[in-house]
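A short worksheet on the structure shown next.
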Amino acid sequence: MTDKERETANNNNEELEEKNVDALKEELEMLRGQLEEEKNRHLRTRADFDNFRKRMEREAESKRINAKKEILLDLLKFLDFFDQARKQVQDPAAAKGLEIMARQFHELLHKHGVRPIECLGQPFDPEEHEGVGYITTEEHPEGCVAEELCCGYKFGDILLQPARVMVAKNPE
């Protein structure tokens, strides 16, 4: 092989090496891009899963609260029956028994987060009170609750039953 042939062969080898290096660089860049896409896809999938998990937890909590709310509403109806019975009973021993049962019932509801709405003497609030009528009185300012006909209850921030009230009206 002559020097010229060797030189041509070396040049060809260098060109091939350059082409191989360029091809490898292109392939490396392509693989880096694919890796970046896969990383982003993985991160989006994890974020979607976290959002799904949180949504399921919120829905489960909401269902739990709604189920508890339904049971508590039924129990409150029963408590109203106790209150009506106490007002009607003439026998002091029976009235005392109903009083004890009602107190225990109130304690049970309190244990589960049910609180009575304090309304007597408070300004009428249509969010928590159901106005049944007006009562003329000087004991309470006009527009305030003068008489509570039926107690209202809340479960945390959730209104279970509005208080049925008579609103004070100044005598004319």
Can you tell me which of 100, 135, 158, 117 is surrounded by fewer than 11 Cβ atoms within 10 Å (Cβ to Cβ) and of a type in the set (Val, Ile, Thr)? 100
Which of (1) out of contact with any Leu (no Cβ under 9 Å at 6 or more places or on another chain); (2) under 25 Å from residue 166 (Cα atoms) is the odd one out, the single condition residue 71 does not satisfy? (2)
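For every residue, the table says whether it meets (1) basic (Lys, Arg); (2) modelled with pLDDT of 90 or more.
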| site | (1), (2) |
| --- | --- |
| 63 | yes, yes |
| 77 | yes, no |
| 82 | no, no |
| 87 | yes, no |
| 98 | no, no |
| 117 | no, yes |
| 120 | no, yes |
| 125 | no, yes |
| 167 | no, yes |
Within region 90-111, residues being over 16 Å from residue 153 (Cβ atoms) and charged (D, E, K, R) number 3
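Tell me whether region 20-27 contains one or more residues that are on the phi < 0 side of the Ramachandran plot and modelled with pLDDT of 85 or more.
The answer is yes, given that some residue of region 20-27 is on the phi < 0 side of the Ramachandran plot and modelled with pLDDT of 85 or more.
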Determine if region 44-59 includes at least one residue that is under 30 Å from residue 129 (Cα atoms), free of Cβ contacts under 8 Å to residues at least 12 places away in the same chain and not in a loop (DSSP other than H, G, I, E, B). yes
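The values are calculated or read from the model by the stated rules, or taken from the named source; none is laboratory data. Predicted model only: the values in this text are computed from it and were never measured. Glycine also receives a Cβ, built like all others from the backbone with ideal geometry; neighbour counts cover every protein chain displayed.
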